[in-house]
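The structure appears below as structure tokens.
Throughout, read-outs are computed from the coordinates displayed, never taken from laboratory work. These numbers were taken from a predicted model, which means no experiment stands behind them. In this analysis, Cβ positions are derived from the backbone assuming ideal geometry, glycine residues included, and neighbour counts consider all displayed protein chains.
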Amino acid sequence: MGRVLKSLSFQIILTALLIVGFSMGFLSNRLIMEFQQELVSKEQETLEAIGSQAVERWNRMYRELSVSYKFDGLTQNQQDNLMRIFLSKSFGDYMLTFKDNFPRVGIGYEVPLFDNGLTYLNDPARDSLSKLSVALPLKAGKRTVGYLVVDRDMPQILAPIQRVQFEAFKRSTVSIAASGLVTIFLLALFLIRLQTLRRSVVRLKTDLDTPVPHGGGELGEISSAVSDLARSLKRSIEEAKQTEALKTLGTFTTGIAHEVRNPLTSIKGYAGLLEKKLQGRPEAKYVTPISSEADRLEALVKDLLTFGRPSPLQPVEFDLRGFFEGLGELMHQQFEDEHVALNIEVPSMTVTWDARQSEQLFMNLFQNGVQSLHGIQDGCVSVAAHTEADRVLVEVRDNGVGIREEDKPKMFTPFFTTKEHGTGLGLPISQKIAALHNGVITFESSEGRGATFTVNLSKVVKSGV
């Protein structure tokens, strides 16, 4: 039982039913109270109208008596005696006839000149019931000499309310039942989605690839947020594993590069001596491949050292547009050899980066763009930049061959390359340099439609990283 009471489903359904029930009850009671007040107000107006007829008759009788006996010349006691003699009987007779016209209404009057108490003309047994009463003054000139009382039993007035209450109770009961069923149905749909989401979230603890059902409304937003969080967590775990693997790989490659560099220097030296010795002889043609392959191996060693042990940052202030214009001049020959145009769309802005490492980062991206445009007419590499708060976003776009879907997950993996003579370290080195600048490189590409690499860096980086 305790588990049921703690269940979210039970609590939501119970809360909804209580809200519906209290709301319907409150509204019904409010409507009945307003109807009762309106009914009482209308009845009070009716009683005043009835009493006004008797008061008007009193006023007419008093005026006739006053004119007949010339009250203006009489004392107050003389006037009172005349009213006691003539008005007491005549007004009493009138009231006996008058009250017969309104059998459901209690009518009475109190005039101390006539009687010491209220002359009540209806059944005295009704006095025990609560009443709605209206008292109207009876005047003799400007002097009030008594009151006319008109009343009606409250149970009679409120009899329609009782019928309305009964009808309201029946209708409220039906409405509450119907609303409850609809509420339970809607909540059941909601709770089914909620339970499905809960099961998916529970499975995410052991499998981050578990699909999370999506939908509309706030629950759909929660589902999307949970799904995004799971993907982000999975990506973070993979990045952490990759970072650890790259750290180990960097240490390993640095050691290998150091060991290879010295023998490589000797090979290049002896190849040079051998080339001189064989100059002019047919055997000299065998020395050229040795020298060219040694140069390629030396470039690989340089990349390995850069990847395995990047230099600390030495940030300086420089203008970003001027930086790319200088880089374009430096790589002018490569662009010209491949018949590729360079389009610089970078506004003048000041950044604080390591100029040498930034040059290597964007040179790698430019070289990738140029290589993807090999053999393509009207090839173009464009670079654009803009700021977002304290960040600078640089986009390097090309209209080359693009990236195949199966290759996208491996673009920043060391030694992965689709180039015939590539080392597969250009993009990993660029990503590492971006990380040192508190940034990251992302890309978008479709095969045959070019690629766009976005470099997101902090506008100002500190030295000593």
Self-check item: Cut-off 13 Å between beta-carbons: net charge of the residues surrounding S446, Lys and Arg +1, Asp and Glu -1
Solution: -1
Quiz item: For the peptides 131-139, 74-82, what is the packing order when you average, over each peptide's residues, the other Cβ atoms within 10 Å and list the highest mean first?
Solution: 131-139, 74-82
Practice problem: Return the subset of K432/K462; K42/K139; K70/K139; K89/K142 for which the Cα-Cα distance in this structure is over 20 Å, preserving the input order. | Solution: K42/K139; K89/K142
Quiz item: Around V316, which amide H atoms from residues at least 5 apart in sequence, or from another chain, sit under 5 Å from its own amide H, with H modelled in the peptide plane?
Solution: W353, D354, A355
